[in-house]
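Any read-out appearing in this document is the output of simple, stated calculations on the displayed coordinates, not a laboratory observation. Being a predicted model, the structure only gives us computed values, none of them experimental. FYI the Cβ positions are ideal-geometry reconstructions off the backbone, even for glycines, and counts take in every protein chain you see.
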Amino acid sequence: MAEKQSIVVVGSINADLTTHVQRHPNPGETLLGSGGTVSAGGKGANQAVAAAQLGANVSMVGAIGNDAMAKDAMVHLEKSGVDTDPVATIDGPTGLAVITVSADGENTIIVVPGANAQVDAGFVEKHAELIKSAGIVLLQGEIPASGFARAVDLAQGRVVVNLAPVVEVGHEQLLKANPLVVNEHEGALVLELLGAPLQSGDPQYLLKALLEQGFNTVVMTLGAKGALVADAQGLTEIPTPTIHAVDTTGSGDGFVGALVAKLADGADLVAASKFAARVGAFAATRAGAQASYPTLDDELPS
Ligand code: RIB
């Protein structure tokens, strides 16, 4: 059997401040809610934790602040065995996500970058040897574009990008994603970013258009409808188990973490996506982001 590849995540670490409401407020409206808990989040950290809990060898390159939130943000990274040596503590606040979860499990999220804003090209350069040695470098859209670009340029292994949120990053670097992982909304925004004409919001159209822009492979997550994998062989539909969603916060990150964990094990993209859909569904049945991810001992829905 081929050796397990190492994964280096260059990304965000946040403290998630979560409130629960019956429904999301309209602009200008005040609602009463519950919760107000602080837990570990950040798309980079979430994906690192999800992969590590599934047995992957993961290092996290990122930054936290020297405030009270930092400890909450690091709990699962430390518990799950992620190598956190490349996490710097900077003078200032930790990244903060303000999250509202409605009774149907849907969420809204506003992210205040805090320390994540320091993860620029100079910061990433300090971890050049680690990034060069990675089998997979995994990136999201919550660090500065210069840090994103430097990480891709240093990568000698596979680059996986979950461009969430969709931010302006170098096109040359973005097109190295293999796969690019996006939902329908993000897929349309990526096409816009690349200056491609957008004729439809249909997932199959979006995938074809993304491949035409030069992506090697794309995985499009479709929530309760599963996912689609687009590669040179065409399109493959990935089913997802039917579950009762409690909180979808971070379930997309669970998907991405599981996907890279499987790719690092040598699985092909379709097999890895099938597994990832089950992990994403599992995560949606539990509250929070990192606290909702399975370990190898958990039974996944099928
Ligand atoms: O994808 C969910 C994550 O988005 C949250 O954990 C929050 O921190 C934001 O980064």
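What the table shows:
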{"quantity": "The chain, dipole about Cα centre (Lys/Arg Cβ +1, Asp/Glu Cβ -1), debye to the nearest 20", "calculated": "300"}
{"quantity": "Selected from 272, 199, 210, residue furthest toward positive end of dipole (the chain; charges at beta carbon)", "calculated": "272"}
{"quantity": "Residue 90 long-range amide H proximity, modeled H, under 5 Å", "calculated": "64, 65, 66"}
{"quantity": "Isotropically averaged projected area of region 9-105, using the convex hull of Cα atoms (one quarter of hull area), nm²", "calculated": "7.2"}
{"quantity": "For region 253-266, Karplus couplings with θ = phi - 60° (6.51, -1.76, 1.60), whole Hz, Gly/Pro x", "calculated": "5, x, 4, 5, x, 5, 4, 5, 4, 5, 4, 5, 7, x"}
{"quantity": "Given 4/71; 4/79; 43/126, the pairs whose alpha carbons are separated by over 24 Å", "calculated": "4/71"}
{"quantity": "Rounded to whole Hz, the Karplus (6.51, -1.76, 1.60) HN-Hα couplings of region 217-233, x for glycine and proline", "calculated": "9, 9, 10, 10, 8, 10, x, 5, 8, x, 7, 10, 10, 10, 8, 4, 7"}
{"quantity": "Exposed-loop-free span, longest in the chain, where GluC sites (Glu not before Pro) count as exposed if DSSP calls them loop and at most 14 other C-beta atoms lie within 10 Å", "calculated": "30-167"}
{"quantity": "Average silhouette area of region 178-302, convex hull of alpha-carbon atoms, in square nanometres", "calculated": "7.5"}
{"quantity": "Region 120-248: Cα Rg divided by the 2.2 N^0.38 Å rule of thumb", "calculated": "1.10"}
{"quantity": "10 Å binning of all Cα-Cα separations within region 209-264, expressed as whole percents from 0 upward", "calculated": "20, 49, 26, 5"}
{"quantity": "Proximal lysine pairs, region 167-301, alpha carbons under 20 Å, eight or more residues apart or interchain", "calculated": "5"}
{"quantity": "Karplus 3J(HN,Hα) series, Hz, for region 72-89 with 6.51 cos²θ - 1.76 cosθ + 1.60 (x for Gly, Pro)", "calculated": "4, 5, 9, 3, 6, 4, 6, 5, 7, x, 5, 6, 9, 4, x, 9, 8, 9"}
{"quantity": "Amide N of region 74-93 lying under 12 Å from the label point, which is placed 7 angstrom from the Cα of residue 126 along Cα→Cβ", "calculated": "85-91"}
{"quantity": "Efficiency of FRET from Cβ geometry, residue 88 and residue 32, R₀ 45 Å, rounded to 0.05", "calculated": "0.70"}
{"quantity": "Test item: Cα-centred dipole of region 222-302, Lys/Arg +1 and Asp/Glu -1 on Cβ, debye", "calculated": "160"}
{"quantity": "Order by protection proxy (mean Cβ within 10 Å, highest first), peptides 62-69, 273-280", "calculated": "273-280, 62-69"}
{"quantity": "Kirkwood Rh in Å, taken over region 43-160 so that all alpha-carbon pairs contribute", "calculated": "14.9"}
{"quantity": "Cross-link partners of residue 132 among aspartates and glutamates (Cα-Cα below 15 Å; sequence separation of 8 or more within a chain)", "calculated": "153"}
{"quantity": "Normalised convex hull volume, the chain, alpha-carbon set, Å³ per residue", "calculated": "130"}
